[in-house]
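Below is one structure, written out as structure tokens, with a few remarks after it.
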Amino acid sequence: MKITKYIFTIVVVAGLLAFVAYHVIPWNNNSGNEQQGSSAQASVNNEVQPSAENSSVPSFVLMDLKGKEEQLQSYKDKLILVNFWASWCGPCNEEAPSMEEMYQKLHSQGLVVVGISIDHHVGQVEKFVKQYSISFPVLLDTSESVASSYGITGVPETFILNSHYKLIKHVIGPLDWTSPDVTSYLSTLMQEEK
């Protein structure tokens, strides 16, 4: 009888450990939407995925929060940041204030930021936008079809595009968009677009 209880206890503990290992521990850095961690101090270079630079990115047509259709081609002759995010994503919440501050600082110099939310409920998006006083355009990708066409592996992810909609950089994870290195990098790119 004692041996049966002992074996049963071992099986239960092994099962719990297997469950934790499979469902809780991330297997790689891109295993889910919330895997990005809280390091918002990364530099542009160490968070950039080696992507096909100068390749065209997929076009899109999405609705904004007022129900108006917007498309990528609406933003002409500018440096464009396309930022995928979700209100439930902790790193997105960390990143949002610095992205808004950077946008306020550089928009007049020719920078466009387009936020694309993959939230399924518009109310959550509106709450997020209000919470962080976001003034750049926010579009809704509730079906995640545009996110899928861009091949995102989690949120936040940002695609820096030139005025011809060619990929310059692909940034995975949160970034402090107000850091001097990032600001200088974006300013240089904007000068190149003129």
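Structure data summary
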| read-out | value |
| --- | --- |
| Residue within region 91-104 that is touching a residue at least 60 places away in the same chain (Cβ under 8 Å), closer than 17 Å to T153 by Cα, touching a Gly at 6+ places or on another chain (Cβ under 8 Å) and of a type outside the set (S, T, N, Q) present | yes |
| S87 vs. criteria surrounded by 15 or more Cβ atoms within 10 Å (Cβ to Cβ), touching a residue at least 24 places away in the same chain (Cβ under 8 Å) and part of a loop (DSSP other than H, G, I, E, B) | yes |
| Hits in region 170-191 (condition: over 20 Å from Q104 (Cα atoms) and over 13 Å from the mean Cα position of the chain (by Cα)) | none |
| Hits in region 66-91 (condition: more than 18 Å from I168 (Cβ to Cβ) and in contact with a Ser or Thr (Cβ under 9 Å, 6 or more places away or on another chain)) | Q71, W85, A86, S87, G90, P91 |
| Region 71-102, subset of a type in the set (S, T, Y) and over 15 Å from S135 (Cα atoms), residue modelled with the highest pLDDT | S87 |
| Residue within region 57-68 that is part of a loop (DSSP other than H, G, I, E, B), among the hydroxyl-bearing types (S, T, Y) and in contact with a Lys or Arg (Cβ under 7 Å, 6 or more places away or on another chain) present | no |
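The values are calculated or read from the model by the stated rules, or taken from the named source; none is laboratory data. Please read these numbers as outputs of a predicted model, since none were measured by experiment. Every residue, glycine as well, gets a Cβ built from its backbone with ideal geometry; the counts of neighbours run over all protein chains shown.
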